[in-house]
Amino acid sequence: MSAKIKTILYATDMGEHMRPVFRFAIDIAKNHEAKIIMLHVIEPLSSGALVTIDVYMPKFDAKEVLQDGMKKALVKMQKRLSNFCVDEQIKDPSDCEIISRVKVVNGRCAESIVHQAEQLGADLIVVGTNTSSSMSSHFLGSTARNVTQLSKTPVLVVPVHD
């Protein structure tokens, strides 16, 4: 008996290197007749950064800037999704219609991904991890590792090569 997958949470850092991971999520969704929720997490500023900003820019409203950043990230994700469908020459429009929601949240990456999976009733989490040695790939690798450790939902980690 195989597990029924109805909802896939695809977590992305919005890097171009994530396309193969997204393709993988789409293939799984098509095979299981599932929907995909795309998620991007924006990490909060540290308290030290907020204090420094407050000292040098007292009129700076961190909450307003965060909200603006989240709106811009959402627009960017929607544009990337549209570009993906065009670039991949997806002939069947239903392939891109399986994306039921695009969501941007603020918080710690791994914890937010796991929390969103629980809140949204995801049956599978799909994340990518870089295999190069750059600092960003270490971050992605640690995020994927932390998601697998924290999640009660099955996690598929797709290796990505730059």
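The values are calculated or read from the model by the stated rules, or taken from the named source; none is laboratory data. Computed from a prediction, not measured in an experiment: that's the story for all the values here. Using ideal geometry, Cβ is built from the backbone for each residue, glycine included, and neighbour counts are taken over all protein chains shown.
Scan the range 118-129 for residues that are under 18 Å from Glu33 (Cα atoms) and outside any strand (DSSP E or B) and jot them down.
Leu120, Gly121, Ala122, Asp123
Being of a type in the set (A, V, I, L, M, F, W, C) and either loosely packed, with under 13 Cβ neighbours inside 10 Å or in a loop (DSSP other than H, G, I, E, B) (or both) is the filter here; which residues of the range 1-35 pass it?
Result: Met1, Ala3, Ile5, Met14, Ala34.
In the range 79-102, which residues are outside any strand (DSSP E or B), modelled with pLDDT of 75 or more and basic (Lys, Arg)?
Across the range 79-102, the qualifying residues are Lys79, Arg80.
With the structure loaded, tell me whether Lys76 is in a helix (DSSP H, G or I), at pLDDT below 90 and in contact with a strand residue (DSSP E or B) (Cβ under 9 Å, 6 or more places away or on another chain) or whether it fails that test.
It is true that Lys76 is in a helix (DSSP H, G or I), at pLDDT below 90 and in contact with a strand residue (DSSP E or B) (Cβ under 9 Å, 6 or more places away or on another chain).
So, of the residues in the range 36-67 that are under 24 Å from Lys103 (Cβ atoms), over 18 Å from the mean Cα position of the chain (by Cα) and part of a helix (DSSP H, G or I), which turns out to be modelled with the lowest pLDDT?
Only one residue tops the list, namely Ala62.
Kindly establish whether His32 is modelled with pLDDT of 75 or more, over 12 Å from Val104 (Cβ atoms) and in contact with a strand residue (DSSP E or B) (Cβ under 7 Å, 6 or more places away or on another chain).
no
Conditions first: (1) closer than 13 Å to Val41 by Cα; (2) modelled with pLDDT of 85 or more. Val155 passes all but one, so which condition is the exception?
(1)
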